[in-house]
């Protein structure tokens, strides 16, 4: 369990930086088409912003923004976005994950439909990765330290 | 020697200019602050919880808008793509972030002060850069002399800054200036490592602290003129 | 001989790392050390894959806008304008993105298991744990 | 829409596993029904695919509509289709079986259990169905991670066993990845069919040789071939009974399937038979595994651990059978994959019932079980007879083909090992039957017999799947000619 | 154990070095890895997917199924951590 | 790729790897592992694999190190080997 940091500098700087980190992460996710980056990197940076918040302001305050339950739901939803886009292509008459068929409902050319499909997929991946990394972070940092039935060498 | 002279004269010029501007802004500030305080006092006295509720919501809304604008500027700096699609994405992302994190960027800052603070902060930067250059020259001269007359010491002083953000600005300014490093802040006491006596003296003089305090409109009473002005305004308002 | 080494050294650099990782995984008794070894082992393999994607002779990042020849408008030029030799091979990069994520996922599960083990036995040294297990 | 059915085999458990936590948030007890529903849909799809393959030959499915060397492709031939049915049917049966056992062992975490259960099945199915070397690695990791999680929640000592499993499993997966990398360097392709086309020109290259070595080494770790089996017994003994009933039969069989796939459809059979000494090494590895597994099984006093060593021995049968490299032996090996999966799941479900009823799974806990649970033990006897190789059960036929293959190849050591291990199985299972039946009968007379003879049968949700497996063992034995002529004869490569 | 693992590691390394002797030269633009499949991606990425970053287009479209599997791996890891370290977990030993 | 620069990076990578598995203080070992990942990522950026380098920097050197520090803080810091 991480307590709130008593260092003013860390707290204030973390407070100021977190929104910018989040926007940077979103930028990385959204601009995966043109520059290095994409869902995984963006998701991990998003998770890093929560980690920063957790390390500086304590887990209690972080939990107010992203609880374990919310993280679990978000990870499901993120992966479902990916799988759902694939299934949508299936419903629209293509093979699984054939984004070109999305053009039928989006009314764009197949190439652009694929581009938009990639964007959607990246958003799903980013959500899932962010939520899972938060989950793992919470799980490891809130694990009970004191063993209940603890056998030691003594 | 000439360089130092030159720098000092520019310093003086800066100082004069800044004083003038400060004078004007400070006057305005105290007025604004005073009226705000008056209203708040009145509200609290009447105990209008509903009113403060809407006030809070309004503050929150202003926070969100302000955060969005700042983040959007950051986004455009990163993105460099200005077609409709990417701009829309940017607005959505920034608004979302601002909604989720609106209380982080502007915590402990009185609304309405933002513009003034920003202006003062921007005005503070050239001064800081100048200080950094001066300190650089100083440290370089220390190091390049054969005997290396350094005198490392830890300076401890109690600050008059109140909010955390001003403390952080001061601490980071101190750290940015070569020769001094902020080690810790505990209950308003700064522990600063200074490399020589001269640096430590400058630190103790508290020039930087005053300026930082000025940026964040804290401890304005330290400026005698401001105090006088405030007294004058107060008097005019009372009568 | 020198020519030969210059041509192949990049394929060999990862092997040393792999051996280090393998040794740590097998011989170290501390469980966290084993995980560290696992991490080194996996990233060595990633190193190998990335080595296969390199093309000598000025090949750059596989992002089509940043090629030497055409400045920005890859879209108008279409397929024939793209000179394949100017870009690194993207396929190993893609595979290794997957492998890195798999790596961190394995890391997370392994750490969770390590915490469980510590909770049970109060130590992370394998020999001490074995002693406790044998004692029953 | 019928052309899309193959994809449902993977996508249904995948999407349903993502939805399981959401279902669990709403109603916790629905998760069980939800996963059973998902797995039954998956089984239906795979059975449909099997019939489609039998009627119309191999099915190719392009993921995302991209042509094979560039995109990822499903290739479902006879071997695949059979494995798909085996995997999905067994996981359905285990899912039905798991209800009471999970309620007892993991009461507050059933939601996560079923999520990971479905992910595990997804991993298995994904490995089996894919036609791409790297995609296989990805799903191997899905299956492995889910397996680690399922094992680690077991009884006391499970985390330590899991840690070993993680270390060994990672080494195995990394070796596999390395082998794929060497193949990629020399061919530039990851698609199995494409590699199959390109590789023959490169068979004398050292790169391909190393690739074969590392692929097989990695898979050997994953399938727990004898010298590197050390992770298996601990892990599967300590796992919760529902989890071990799912993983123990399937994980090793799927690694064996991957081995067969790599040897026959990525490399040409000629490579490992004529050019390299791989086949001989495999037969001897099989012999060692059979003898080692059987010997270790004799030394155990724990029911589940004994079954684990039997699994190790069975792996030796199949590896050796493939290594014998004649059509009969390979036919026997493939049939044995099917048979072994079915009979191991039968035995592990019975072990799970024993653990459910007595709380432990030592051999000494089997006392008097024949009276308490006659149906369960009948199923156990059927499974045991099949492991020994008694005619109407399915184990006999695959062993018969393996022995026949050994005779054709004139590999007497393998023959002797097979017969010896059958003998050991007889000893093992008669010991259990003695403990469960004879021992107690004499003992029960001077204890108060009335209490012991009261029938205390397992709950229906556990009993029905167990009996179904026992019936399946006999049915597969009776209809083995149909299975052979319709499916396995097509899966055996032309040597 | 230490000596055994050193021997195993060295054997593994030797096998890998042996295997790498027949590889195409490092950085050879005409090696099979860079001429067989990957030029297709580079040439057709923009035409098919309107995405200049070829890595993204291969990751999410040409080999999108891999990425789905990868996301599943991540999801599995998250669920596994919740499963193992989740709240209210009581050890049930003997 | 510039050969000397490359070799220096590889040297750093090796030093970090060996240090990470020999140091007895687990927290230091973990932090050195983070440095190892980071040098690895520089190496890959050198080989024109920026996407991979980016991922490695964020995933392995970032979150991976955080998780390992968490695990070490929950368990023991000293190790016997």
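Being free of Cβ contacts under 8 Å to residues at least 12 places away in the same chain, away from chain D (no Cβ under 12 Å), under 19 Å from residue D:188 (Cα atoms) and crowded, with 24+ Cβ neighbours inside 10 Å is the filter here; which residues of region E:28-57 pass it? Show your work before the answer.
Of region E:28-57, the ones free of Cβ contacts under 8 Å to residues at least 12 places away in the same chain are E:28-40, E:43-44, E:46-47, E:50-53, E:55-56.
Okay, now just the ones that are also away from chain D (no Cβ under 12 Å), so E:29, E:46-47, E:50-53, E:55-56.
Right, trim to under 19 Å from residue D:188 (Cα atoms) and you get E:29, E:55.
Passing the criteria: only E:55.
Can you find even one residue in region D:315-323 that is surrounded by fewer than 24 Cβ atoms within 10 Å (Cβ to Cβ) and assigned to a helix (DSSP H, G or I)? Working first, answer last.
Step one: filter region D:315-323 for residues surrounded by fewer than 24 Cβ atoms within 10 Å (Cβ to Cβ), giving none.
No, the conditions are met nowhere in region D:315-323.
Output yes when any residue across region E:58-71 is facing another protein chain (nearest Cβ under 7 Å), outside any helix (DSSP H, G or I) and either surrounded by 24 or more Cβ atoms within 10 Å (Cβ to Cβ) or at pLDDT 85 or above (or both), and no when none is.
yes
Quick one: in region A:26-39, which of the residues that are assigned to a helix (DSSP H, G or I) and more than 7 Å from chain B (Cβ to nearest Cβ) is surrounded by the most Cβ atoms within 10 Å (Cβ to Cβ)? If you could, list the steps in order and put the result at the bottom.
Taking region A:26-39 and keeping what is assigned to a helix (DSSP H, G or I), we get A:26-30, A:39.
With the extra rule that they be more than 7 Å from chain B (Cβ to nearest Cβ), the set shrinks to A:28-29, A:39.
Working: A:28: 26, A:29: 27, A:39: 31.
Applying the filter and picking the extreme gives A:39.
Do we have any residue at all in region B:125-132 that's over 30 Å from residue B:104 (Cβ atoms) and in contact (Cβ under 8 Å) with a residue 40 or more places away in the chain? Steps first, please.
First pass over region B:125-132, keeping only residues over 30 Å from residue B:104 (Cβ atoms): B:130.
Still in the list and also in contact (Cβ under 8 Å) with a residue 40 or more places away in the chain: B:130.
Yes, region B:125-132 has at least one match.
Have a look at A:60, A:68 and point out the one that is in contact (Cβ under 8 Å) with a residue 60 or more places away in the chain, surrounded by fewer than 23 Cβ atoms within 10 Å (Cβ to Cβ) and farther than 27 Å from residue D:67 by Cα.
On the way: A:60 fails: in contact (Cβ under 8 Å) with a residue 60 or more places away in the chain.
It is A:68.
Tell me, please, whether a residue that is exposed (fewer than 15 other Cβ atoms within 10 Å of the Cβ) and either modelled with pLDDT of 85 or more or under 23 Å from the mean Cα position of the chain (by Cα) (or both) can be found in region D:431-453.
No, region D:431-453 contains no residue that is exposed (fewer than 15 other Cβ atoms within 10 Å of the Cβ) and either modelled with pLDDT of 85 or more or under 23 Å from the mean Cα position of the chain (by Cα) (or both).
What tally of residues in region D:100-124 results from selecting those that are more than 18 Å from the chain's Cα centre (by Cα) and either within 14 Å of chain E (Cβ to nearest Cβ) or buried (at least 22 other Cβ atoms within 10 Å of the Cβ) (or both)? Even if it seems obvious, please write down each step before you answer.
Filtering region D:100-124 down to residues more than 18 Å from the chain's Cα centre (by Cα) leaves D:100-115.
Checking which are either within 14 Å of chain E (Cβ to nearest Cβ) or buried (at least 22 other Cβ atoms within 10 Å of the Cβ) (or both) leaves us with D:101-115.
Residues in region D:100-124 being more than 18 Å from the chain's Cα centre (by Cα) and either within 14 Å of chain E (Cβ to nearest Cβ) or buried (at least 22 other Cβ atoms within 10 Å of the Cβ) (or both): 15 in total.
Does residue D:255 satisfy being assigned to a helix (DSSP H, G or I) and farther than 18 Å from residue D:302 by Cβ? Step through it out loud before you land on a result.
Values: assigned to a helix (DSSP H, G or I): yes; farther than 18 Å from residue D:302 by Cβ: yes.
Yes: the conditions hold for residue D:255.
Could you list, in sequence order, all residues of region D:343-360 that are buried (at least 24 other Cβ atoms within 10 Å of the Cβ) and either without any contact (Cβ under 8 Å) to a residue 60 or more places away in the chain or within 13 Å of the chain's Cα centre (by Cα) (or both)?
D:343, D:344, D:345, D:346, D:347, D:348, D:354
Taking only region D:48-75 into account, find how many residues are part of a loop (DSSP other than H, G, I, E, B) and within 14 Å of chain A (Cβ to nearest Cβ).
Residues in region D:48-75 being part of a loop (DSSP other than H, G, I, E, B) and within 14 Å of chain A (Cβ to nearest Cβ): 6 in total.
Where residues in region C:1-44 are at the interface with chain E (Cβ under 10 Å from one of its Cβ atoms) and outside any helix (DSSP H, G or I), which of them is surrounded by the most Cβ atoms within 10 Å (Cβ to Cβ)?
C:28
Does region C:51-58 contain any residue that is under 25 Å from residue F:6 (Cβ atoms), more than 9 Å from chain E (Cβ to nearest Cβ) and at pLDDT 90 or above?
Quick first cut of region C:51-58, residues under 25 Å from residue F:6 (Cβ atoms) only: C:51-58.
Now narrow it down to the ones that are more than 9 Å from chain E (Cβ to nearest Cβ): C:58.
Narrowing the set further to residues that are at pLDDT 90 or above leaves none.
Taking every residue of region C:51-58 in turn, none turns out to be under 25 Å from residue F:6 (Cβ atoms), more than 9 Å from chain E (Cβ to nearest Cβ) and at pLDDT 90 or above.
Got a sec? Which of F:69, F:63 is under 17 Å from residue C:111 (Cβ atoms), at the interface with chain C (Cβ under 7 Å from one of its Cβ atoms) and in contact with a helix residue (DSSP H, G or I) (Cβ under 8 Å, 6 or more places away or on another chain)? Please lay out each step first, then the result.
Details: F:69 fails: at the interface with chain C (Cβ under 7 Å from one of its Cβ atoms).
Going through F:69, F:63 in turn, just one is under 17 Å from residue C:111 (Cβ atoms), at the interface with chain C (Cβ under 7 Å from one of its Cβ atoms) and in contact with a helix residue (DSSP H, G or I) (Cβ under 8 Å, 6 or more places away or on another chain): F:63.
Checking the condition under 27 Å from residue A:35 (Cβ atoms) and without any contact (Cβ under 8 Å) to a residue 12 or more places away in the chain, which residue from A:124, A:86, A:78 passes?
Details: A:124 fails: without any contact (Cβ under 8 Å) to a residue 12 or more places away in the chain; A:78 fails: without any contact (Cβ under 8 Å) to a residue 12 or more places away in the chain.
The match here is A:86.
Only one of A:42, A:58 is under 14 Å from residue F:58 (Cβ atoms) and more than 9 Å from chain B (Cβ to nearest Cβ). Can you tell me which?
Working: A:58 fails: under 14 Å from residue F:58 (Cβ atoms).
One residue alone meets the criteria, A:42.
What are the residues in region D:130-182 that are touching a strand residue (DSSP E or B) at 6+ places or on another chain (Cβ under 7 Å) and in contact (Cβ under 8 Å) with a residue 40 or more places away in the chain, if any? Before the answer, list the steps.
Step one: of region D:130-182, the residues touching a strand residue (DSSP E or B) at 6+ places or on another chain (Cβ under 7 Å) are D:130-132, D:136, D:139.
Answer for region D:130-182, where residues must be touching a strand residue (DSSP E or B) at 6+ places or on another chain (Cβ under 7 Å) and in contact (Cβ under 8 Å) with a residue 40 or more places away in the chain: D:130, D:131, D:132, D:136.
Just wondering, is there one or more residues in region C:36-49 that are touching a strand residue (DSSP E or B) at 6+ places or on another chain (Cβ under 6 Å) and in contact (Cβ under 8 Å) with a residue 12 or more places away in the chain?
Quick first cut of region C:36-49, residues touching a strand residue (DSSP E or B) at 6+ places or on another chain (Cβ under 6 Å) only: none.
No - not one qualifying residue is present in region C:36-49.
Residues are listed down the side, and each one gets a yes or a no for (1) more than 14 Å from chain B (Cβ to nearest Cβ); (2) assigned to a loop (DSSP other than H, G, I, E, B); (3) under 20 Å from residue B:71 (Cα atoms):
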| site | (1), (2), (3) |
| --- | --- |
| A:13 | no, no, yes |
| A:24 | no, no, yes |
| A:69 | yes, no, no |
| A:74 | no, no, no |
| A:77 | yes, no, no |
| A:83 | yes, no, no |
| A:88 | yes, no, no |
| A:96 | yes, yes, no |
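The values are calculated or read from the model by the stated rules, or taken from the named source; none is laboratory data. Since this is a predicted model, take the numbers as computed values, not measurements. Every residue, glycine as well, gets a Cβ built from its backbone with ideal geometry; the counts of neighbours run over all protein chains shown.
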